[in-house]
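To start, the structure under review is shown below, and the notes come after it.
The values are calculated or read from the model by the stated rules, or taken from the named source; none is laboratory data. None of these values were measured; they are calculated from a predicted model. Neighbour counts run over all protein chains shown; Cβ positions are idealised from the backbone, glycine included. We work out accessible area using only protein heavy atoms, side chains counted, and drop any ligands, DNA or RNA first. Shrake-Rupley method; radii C 1.70, N 1.55, O 1.52, S 1.80 Å.
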Amino acid sequence: MSAYGGSGHGTWPGGSQGPYQGPQQPGPHPGQHPSPHPGPHPAPHPVPQQAPPPGWGQQPGWGPPPGPGQQPPYPYGRPPLPGPHLPSPPPTRGQRFWRCVRNPLYAAQRVFRPSRADRVEDRTVGRLQLWRTALGLGIWLWMSIGYGMLDGAAEAEKTLTDRGNQSWHSALVLICTFCVVFGAFVAAARGRLRRLYLRRALRSAGAIVALVASMATFPLAIAPDAEGFRDLVGLPGKIVIGLACLWSLGFALYGVGLSLVHVFRTADIHEFMPPVLATLLVWEMALLDLVNGAYADVPGPVRTLFILGAPLTVTTLSCWEAYRLRHHHGLSLRAALRP
């Protein structure tokens, strides 16, 4: 029996439980005042409804279905948002070393390309240098084929051998020219610039030593005077010498080309060094070709074009490079020699 009349469902006289009368209204608990609001229990205070955030229901792929003739923006569901792109960490010194061991071309790039962080790099001049090299090679091939310098196997071998020897001689002449020009450049510098240029020249000297050392492996493999050394090391030593010779071949051939383009990475010393050295080198090689009687099998005008074409184009390009360094980047030869 409850305080609300039996078990809350009402009783008949005599204590018997009558039929169910529906839910009873809650009354006051003992010791409490009755509710001031008769009837049903009052509802709590209404909670104000907040407006939806801007853009709610307008995301691509949500909302009402598209109308007739329209395609949903994401028929297979909303694609995931791209995450932030994290740059890969730079390779360690050990990783770069083993990559150089596996790939001689990568090693040549590391050795013969300038890498000073604060140097000025004019991409327009760099592209023109590549175009000049490709154009000069194309003209040389066209004239060599047109005038029968590549007709037979013997003639082609002789022409290519002469061209390879010319490139190697150019590298040797460039080494001598570099020593003379750099000595004069350092002697004309003043104050702390002299020590700075001497410290920067270590990279160019390293490139020269690497090129000469790579060419020194070939006598160990093929020279008759080194036959005793090859017999001394035995078969394992001969295998090592052969692998080193193959590696040095790719390194030296690519290194000679990079040395002539980047002038033994003298841009690491100063930006004015490459155009000065390139101009002197091409005129020295033209003088050597004229003295040695190069291209004697071709007519006079074509021979003149062969000999003077490269010096004129390189000189023009070097003057334009010096002009751009002064007017676009604020560099001059006077400022390079005075602190």
Keeping all protein chains in the complex and leaving out DNA, RNA and ligands, what accessible area do you get for T177 with a 1.4 Å probe, in Å² to the nearest 10? 10
Find the percent of Cα-Cα distances in region 172-257 that exceed 18 Å, and round it to a whole number. 57
Counting only protein heavy atoms and leaving out ligands, DNA and RNA, the solvent-accessible surface of E321 at a 1.4 Å probe, in Å² to the nearest 10, equals 30
For C176, what accessible surface area do you get with a 1.4 Å probe? Give it in Å², rounded to 10. 90
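So for each of 238-244, 217-223, 266-272 I average, over its residues, the number of other beta carbons within 10 Å; can you give me the resulting order with the highest mean first?
Ranking the peptides 238-244, 217-223, 266-272 by packing returns 266-272, 217-223, 238-244.
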Whole-Hz ³J(HN,Hα) for each residue in region 292-297, computed from phi via Karplus 6.51 cos²θ - 1.76 cosθ + 1.60 with θ = phi - 60°, x for glycine and proline: what do you get? 7, x, 6, 6, 6, 8
Modelling each spin label as a point 7 Å along the Cα-to-Cβ direction, I'd like the D122/V291 distance in nm, to one decimal. 3.2
Residue by residue through region 255-261, the couplings from Karplus 6.51 cos²θ - 1.76 cosθ + 1.60 with θ = phi - 60°, in Hz, x for Gly and Pro, are x, 5, x, 5, 5, 6, 6
